[in-house]
């Protein structure tokens, strides 16, 4: 699996997030701009918790760097995404995409879609069968995600917007119906995120 790819002139890399501060700040600035500073801080704290409490085999992180930084400045992170394991009794290799962020100055450039596509390709190459997310149907629909019902695959927590539960198969086989409850990683288990 390639560790890096350029998509629409943005270098995208699977990362081990050694620079937690810069990675977390992408989420803060993105959410603070769209939802307010309090929400920005909430999501930044969530990301910090993902990075410090989630086992390495249960998390993937990817980032996009600025396309053409000034020669005297290092590449700046402009987008980031986290995918974490969604545990289930059916043994399906299932991950959840959340959260996702792009700096306000880079939104609308394609970096977000490129980042997600790269992440999905990497997970597929690692044998992940499906990805779910809890988000904007229009945005994620552009990437092939489809709404799913709780009867098909239950969310780990009660959702405040049931229409935002989405899935995407990463194999040719359809996602099997997963009976019983799913469990998310500890960092996102708080009901405030649902």
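Please arrange 26, 78, 185 by counting, for each residue, the other beta carbons lying within 10 Å of its beta carbon, fewest first.
By the 10 Å Cβ count, ascending: 185, 26, 78.
Determine, for 28, 134, the number of other Cβ atoms within 10 Å of each Cβ, and report the residues in order from fewest to most.
In order of increasing Cβ crowding within 10 Å: 28, 134.
Please compute the length gained on full extension between residue 15 and residue 121, using 0.36 nm multiplied by the number of residues separating them and subtracting their Cα-Cα distance.
Numbers: separation 106, 0.36 × 106 = 38.16 nm, distance 1.48 nm.
Length gained between residue 15 and residue 121: 36.7 nm.
Arrange the following residues from fewest to most other Cβ atoms within 10 Å of their Cβ: 165, 194.
Working: 165 22, 194 17.
Going from sparsest to densest Cβ surroundings: 194, 165.
Using the alpha-carbon atoms, what tilt in degrees (0 to 90, nearest 10) does helix 37-53 show relative to the longest principal axis of the chain?
70 degrees
Taking the 0 to 90 degree range and rounding to the nearest ten, how far is the long axis of helix 20-35 tilted relative to the main principal axis of the chain, both from C-alpha atoms?
80 degrees
Would you mind calculating the relative contact order of region 48-194 from Cα pairs under 8 angstrom and at least 6 residues apart, reporting the percent as a whole number? Let's see the in-between values first.
Numbers: 235 pairs, mean separation 36.2, N = 147.
Reported as a whole number, the value is 25 percent.
So, how do all the Cα-to-Cα distances of region 4-184 break down into 5 Å bins, in percent, from 0 on up?
In whole percents, the pair-distance histogram is 1, 8, 17, 20, 22, 16, 9, 4, 1, 1, 0.
Bear in mind these aren't lab numbers, they're just calculated from the coordinates by the rules spelled out. Here the structure is a predicted model, which means the values were calculated and not measured. No Cβ is skipped: glycine too gets one built from the backbone with ideal geometry, and neighbour counts run over all protein chains shown.
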